[in-house]
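Trainee: Here it is, the structure in full.
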């Protein structure tokens with residue numbers, strides 16, 4: 001059994017948009033085939049899902065990120081490099097990049113998986129991206145994968161470092177709220193906009209009954225982080241580090 005013709009065409013178009021000129025198209029077709037399709041089509045026994053390519057792509061990605069970080073941050077200790085690598089190759093960040101590339105729209109999957117939100121599922125997106133990297137490695141070698149990921153590495157590093165700052169903002173807001181008001185901030189999604197494959201979430205943060213910040217992001221977590229930054233700014237704490245003097249000022 002061969003791949004559906006519309007799937008083959010969509011893969012060709014996707015690769016062209018992504019700047020990939022395949023030598024062996026079948027590798028990339030396999031990379032974008034979810035196992036649910038084969039489960040629903042037992043007659044397609046000559047086709048293979050993307051899980052073996054995902055395994056290979058995961059290893060290639062981990063090595064390339066490690067080497068890139070080693071060269072990019074020559075003074076960083078081993079512990080920092082390990083944490084940065086884990087964040088850059090994590091499912092959530094890979095899934096976000098896969099969504100930006102439009103991988104979910106191209107994936108060949110079973111009707112049940114697709115109807116159940118499979119094209120938006122982070123596990124499917126990150127796995128397909130890793131499988132794509134595995135296919136590219138087999139098709140054109142390590143340098144081709146490095147070129148394909150060059151922009152992602154830099155963007156991901158900036159985002160990870162930004163996330164660290166954001167987490168610090170949430171921690172600072174919580175510490176201040178508990179110390180001054182004896183309450184823990186609560187976060188709530190108040191709006192979702194944008195395309196299905198790349199939604200934008202808007203989150204508000206409350207301390208007690210007072211809404212003190214709002215933020216938007218591509219995930220609920222990033223939106224909550226933005227809301228915490230906004231709250232710190234509105235409370236006059238954006239440059240503060242929670243000193244006793246600042247805390248007493250807000251008590252007054």
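Each value in this text was obtained by applying a stated rule to the coordinates, not by laboratory testing. For clarity, every value in this text was computed on a predicted model and none was experimentally measured. Positions of Cβ are backbone-derived with ideal geometry, glycine not excepted, and every protein chain shown enters the neighbour counts.
Trainee: Show me 23-35, 61-73 ranked by packing, highest mean number of other Cβ atoms within 10 Å first. Intermediate values should be presented prior to the final figure.
Mentor: Working: 23-35: 19.8, 61-73: 15.8.
Ranking the peptides 23-35, 61-73 by packing returns 23-35, 61-73.
Trainee: Once the Cα atoms of helix 78-88 and of the chain are each reduced to a long axis, what angle between those two axes, in degrees from 0 to 90 to the nearest 10, is obtained?
Mentor: Approximately 70 degrees, to the nearest 10.
Trainee: Wrap a convex hull around the Cα atoms of region 70-178, take a quarter of its surface area, and give that in square nanometres. Intermediate results must be reported in sequence, preceding the final value.
Mentor: Values: hull surface 38.7 nm².
Here the figure is 9.7 nm², rounded to one decimal.
Trainee: Let me make sure I get this right: for region 145-208, a, b and c are the square roots of the gyration tensor eigenvalues over alpha carbons, sorted descending. Under 1.5 in a/c it's rounded, otherwise prolate if a/b > b/c, else oblate. Which is it? Show your work: numbers first, answer last.
Mentor: Numbers: a/c = 6.55, a/b = 1.69, b/c = 3.87.
Here region 145-208 falls in the oblate category.
Trainee: Sticking with this structure for a sec: Return the label of the correct value of Cα Rg over 2.2 N^0.38 Å, as calculated from the structure shown, out of [x] 1.39; [y] 0.98; [z] 1.22.
Mentor: The value computed from this structure is option [z].
Trainee: How do 45, 222 rank when sorted from fewest to most other Cβ atoms within 10 Å of their own Cβ?
Mentor: Numbers: 45 9, 222 21.
In increasing order of surrounding Cβ atoms, one gets 45, 222.
Trainee: Tell me the Kirkwood hydrodynamic radius of region 26-76 in angstroms, computed as one over the mean inverse distance between distinct C-alpha pairs.
Mentor: Details: mean 1/r = 0.0770 Å⁻¹.
Result for region 26-76, one decimal place: 13.0 Å.
Trainee: Further question: Roughly how tilted is helix 51-72, in degrees to the nearest 10 and between 0 and 90, from the longest Cα axis of the chain?
Mentor: Its long axis makes an angle of about 50 degrees.
Trainee: What angle, in degrees between 0 and 90 and rounded to the nearest 10, separates the Cα long axis of helix 91-101 from the longest principal axis of the Cα atoms of the chain?
Mentor: So the helix axis and the longest Cα principal axis differ by about 60 degrees.
Trainee: Could you list, bin by bin from short to long, the percent of Cα-Cα pairs of region 5-140 in 10 Å steps?
Mentor: Per 10 Å bin, starting at 0, the Cα pair percentages come out as 12, 40, 31, 12, 4, 0.
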